[in-house]
1. Looking only at region 156-168, decide whether some residue is in contact (Cβ under 8 Å) with a residue 12 or more places away in the chain, surrounded by 23 or more Cβ atoms within 10 Å (Cβ to Cβ) and among the hydrophobic types (A, V, I, L, M, F, W, C).
2. Please tell me if Thr313 is out of contact with any strand residue (DSSP E or B) (no Cβ under 9 Å at 6 or more places or on another chain), surrounded by 19 or more Cβ atoms within 10 Å (Cβ to Cβ), in contact (Cβ under 8 Å) with a residue 12 or more places away in the chain and part of a helix (DSSP H, G or I).
3. Whether any residue in region 278-301 is on the phi > 0 side of the Ramachandran plot and at pLDDT 95 or above is what I want to check.
4. Among the residues in region 138-156, are any closer than 22 Å to Val246 by Cα, assigned to a helix (DSSP H, G or I) and among the charged types (D, E, K, R)?
5. Against the condition buried (at least 20 other Cβ atoms within 10 Å of the Cβ), closer than 11 Å to His150 by Cα and not β-branched (Val, Ile, Thr), how does Leu212 come out, does it pass?
6. Scan region 188-202 and report the pairs whose first residue is in the same structural domain as Ala168 (by TED's automatic domain parsing) and more than 12 Å from Phe226 (Cβ to Cβ) and whose second residue is part of a loop (DSSP other than H, G, I, E, B) and aliphatic (A, V, I, L, M), with Cβ atoms within less than 9 Å and a gap of 6+ or a chain change.
7. State yes or no: is Glu315 of a type in the set (Asp, Glu) and outside the structural domain of Pro96 (by TED's automatic domain parsing)?
8. When region 316-337 is examined, which residues are found to be under 24 Å from Arg126 (Cβ atoms), assigned to a loop (DSSP other than H, G, I, E, B) and either out of contact with any strand residue (DSSP E or B) (no Cβ under 6 Å at 6 or more places or on another chain) or not β-branched (Val, Ile, Thr) (or both)?
Amino acid sequence: MTVRVGVIGAGWIGQEHIRRLTETVTGAQVTAVTDIDAARAQEAAAKVGARVLPDGAAVVAADDVDAVLVTSWGPTHAEHVLNAIAAGKPVFCEKPLATTAEDCLKIVEAETALGRRLVQVGFMRRYDAGYRQMKQVIDSGRIGEPLVVHCAHRNATVPESYHTDMAALDSAVHEIDVLRWLLDDEIVSAQVVLPRSTSKRFEHLKDPQIMLFETAKGVRIDLEVFVNCQYGYDIQCETVGEEGLVRLPDPAAVGVRTAGQHSTEVLTDWVGRFVDAFDTEFREWITAVATGAAPTGPSAWDGYAATVISNATVEARKSGGIVATDMKPRPAFYGGTA
């Protein structure tokens, strides 16, 4: 079966996923595209022989669309995802699922009422080979019960449009999701400490930030978010357990010995770092849609949790205090007890 995908949002990430579905993933065909910029939609659609539709509602309703990909502006996500659920169509939504906890809960409630999972949220780190290896080690018990996690999320630079809240909402949200998954544990509080800011930042930006989280089981997480580190894109994660530790491997790179030095390349952007994870993410999603199986990736509940925790992290930075995440009980539909 070929899965016919309708794409809502033809910006950079939308076009990248259109290319991925067309050139890398088998069993998928992009049949419809829409974007607030009609010319951009036309350009993206023409490359793959898709038709342009006037809006997201038209894409969801189209007879030649089996599944929906939402890559539009964040505040529009909830509307499109809810429309897809109402139409009974699988929907892959790039993060965030929604920008408010209230809108995320509407999606959770709609999917729960339907009685089957249709929503997957685009947190690609769960598909990275290194993180999957870490997950296997932690789940096996080889390092004992996790106690402490040390993380770093570093970018060489960010544009002037990047603002302080985005350190939590756009950057740390990936750690928030993948750590919940790695530990099989919930984050219950957030705190932010601001060290001396780098002179390499734009004046309006607080950078770096140190984010501190606590989980329901008492695991402590420290996360350095430093988006003007200058030297490259660098993602680090180390989980310390009672009997050992497991560390995320660096991306494979050859060692070069020259002029009295031994060096390895550091990647410069997130695209190159996680390209394989993106490919795997979409292969598994298309396979699930084609076979009629429930998606196995991050759920609507995971999207809700990530939004609540990242918003609490912003509040913690602004208040200077420790902020409880204050999430609703997880419904039984998503594996909870409520």
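The values are calculated or read from the model by the stated rules, or taken from the named source; none is laboratory data. Keep in mind it's a predicted model, so treat the numbers as computed, not measured. Here Cβ is always computed from backbone atoms with ideal geometry, including for glycine, and neighbour counts include all displayed protein chains.
1. Scanning region 156-168 turns up at least one residue that is in contact (Cβ under 8 Å) with a residue 12 or more places away in the chain, surrounded by 23 or more Cβ atoms within 10 Å (Cβ to Cβ) and among the hydrophobic types (A, V, I, L, M, F, W, C).
2. Taking the combined requirement at face value, the residue does not satisfy it.
3. Yes, some residue in region 278-301 is on the phi > 0 side of the Ramachandran plot and at pLDDT 95 or above.
4. yes
5. no
6. Going by the 9 Å Cβ cut-off, the qualifying pairs are Val188/Ala216; Val188/Met327; Ser189/Ile322; Ala190/Ile322; Gln191/Ile322; Phe202/Val158.
7. Yes; evaluated as a whole, the condition is true for this residue.
8. Met327, Lys328, Pro329, Arg330, Pro331, Gly335, Gly336, Thr337
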